[in-house]
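Read-outs: derived from the displayed coordinates by stated rules, not from any lab. Since the structure is predicted, the reported quantities are computational estimates derived from the model, not experimental observations. Here the Cβ positions follow ideal geometry from the backbone for every residue, glycine too, while neighbour counts run over all protein chains shown.
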Amino acid sequence: MRILPVPVLEDNYAYLLVDKHGSAAAVDPAEPQKVLDAARQEGLELSTVLTTHKHWDHAGGNEKMKQLCPGITVIGGINDHVQGATREVRDGERLSLGDIAVTCIETPGHTNGHICFLCREEGSTAAVFTGDTLFVGGCGRIFSGTPEQMYVSLNKKLATLPPETQAYCGHEYSVKNLEFAAYVDPDNPAVKEKLAWAKAQRAQGKPTIPSSIGAELATNPYLRCGEPALRASAGRAADARGAASVLGALRARKDRWGIDAALTSAVLAVARWVPSLARLLGAEKTFNPFLRCDRPALQKFAGAKDPVDVLAAVRRAKDNF
Ligand SMILES: [Zn+2]
């Protein structure tokens, strides 16, 4: 079994999946021409498209693939209404691509009918295409599902695959994900090591896929929700409600992480570097809570020390006020 990544769009990965006799499928060919060019270079003819989920940057090339490869089978999850699908699959359904046995694993959370494709061929290490459910060091945004669904998809379905299973995800998000992992799991040396490696790979223009289930169990915060460090980062309320709520709290924090950090540093930069503005801001600084995130009263209100967390908590309180 061979798997060839084809970078498409801004940061997506499509893949070619090939059995030992040359039977071939494309996974998420969002830019059909690019994927077909890569297939032609390898002398491959595609019989099948495997679609992980309905979003345009994964399924958006399906109709064009059908035009360019008449008769091609397009697979998609039955609960995702995938564009162009000619065969809809359910959880646990098995397909074959030549000698490769493909098991469809429904993993709701990012979308309702997201499918991960587990591929096995004798003589090769198993591989799983995880789309936008499991990333290197992260997981997809919870769009149409719930944290509980995402928890089950990640921790009961993907994390229980054999640790050597190679994981091929839908986006090159590894550095950002691992930076967040280092933030919420600060004493984990495996995260630091993987982050340094991922940065070096990207600096050389190289991809960071595949990962393995074993590597993700050691580094991915969403597969480590039971660990004390992650529970602490998720906050006390999440801790009391169990592992799925830890996952939900971490993922929600990741959603606003970049925004909070940018906002806080912008406010601090303005206050610090522009003296006249700083004078104008002098009055603001005496009563504007968002400029007082380092003060004990605000820290106490937010139940957090880090000014980024304090700002986020105060802003959330204002939203609900
Ligand atoms: Zn998506």
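Would you call His114 at positive phi and either surrounded by 21 or more Cβ atoms within 10 Å (Cβ to Cβ) or not polar (S, T, N, Q) (or both)? Even if it seems obvious, please write down each step before you answer.
Numbers: at positive phi: no; either surrounded by 21 or more Cβ atoms within 10 Å (Cβ to Cβ) or not polar (S, T, N, Q) (or both): yes.
For His114, the condition - at positive phi and either surrounded by 21 or more Cβ atoms within 10 Å (Cβ to Cβ) or not polar (S, T, N, Q) (or both) - is not met.
Output the residues belonging to region 62-92 that are on the phi < 0 side of the Ramachandran plot and more than 24 Å from the chain's Cα centre (by Cα). Passing the criteria: Glu63, Lys64, Met65, Lys66, Gln67, Leu68, Cys69, Pro70, Ile72, Thr73, Thr86, Arg87. Close contacts from region 55-77, counting a first residue that is within 15 Å of Gly170 (Cβ to Cβ) and assigned to a helix (DSSP H, G or I) and a second that is within 16 Å of the ligand (Cβ to nearest atom) and charged (D, E, K, R), with Cβ to Cβ under 7 Å and a gap of 6+ residues or different chains, come to His58/Asp28.
The combined condition, being in a helix (DSSP H, G or I), in contact (Cβ under 8 Å) with a residue 12 or more places away in the chain and under 29 Å from Arg120 (Cβ atoms), is fulfilled by Leu178.
Name the residue, out of Gly60, Gly76, Gly137, Gly43, that is away from the ligand (no atom under 16 Å from the Cβ) and farther than 22 Å from Leu247 by Cβ. Step through it out loud before you land on a result.
Values: Gly60 fails: away from the ligand (no atom under 16 Å from the Cβ); Gly76 fails: away from the ligand (no atom under 16 Å from the Cβ); Gly137 fails: farther than 22 Å from Leu247 by Cβ.
Checking each option against the conditions leaves just Gly43.
Remark: pairs (first residue in region 127-146, at positive phi; second residue within 9 Å of the ligand (Cβ to nearest atom); Cβ separation under 8 Å; 6+ apart in sequence or on different chains) = Gly131/Thr52; Gly131/His53; Gly131/His58; Gly131/His110; Gly131/His114; Gly131/Gly140; Gly131/Gly170.
Residues that are within 16 Å of the ligand (Cβ to nearest atom), within 30 Å of Pro147 (Cβ to Cβ) and in contact with a Gly (Cβ under 9 Å, 6 or more places away or on another chain) occur at least once in region 13-26. Suppose we keep only residues that are among the aliphatic types (A, V, I, L, M) and surrounded by fewer than 23 Cβ atoms within 10 Å (Cβ to Cβ) within region 140-155. Which one would you say is nearest to the ligand (Cβ to nearest atom)? Selected residue: Ile142.
What residue, among those in region 217-233 that are touching a Pro at 6+ places or on another chain (Cβ under 9 Å) and of a type outside the set (D, E, K, R), is nearest to Gly303 (Cα to Cα)? Talk me through it step by step, then tell me what you get.
Within region 217-233, the first condition is being touching a Pro at 6+ places or on another chain (Cβ under 9 Å), and the residues that meet it are 217, 227, 229-230, 233.
Imposing the further condition that a residue be of a type outside the set (D, E, K, R) reduces the set to 217, 229-230, 233.
On the way: Leu217: 30, Ala229: 17, Leu230: 17, Ser233: 12 Å.
Among those residues, the one meeting the criterion is Ser233.
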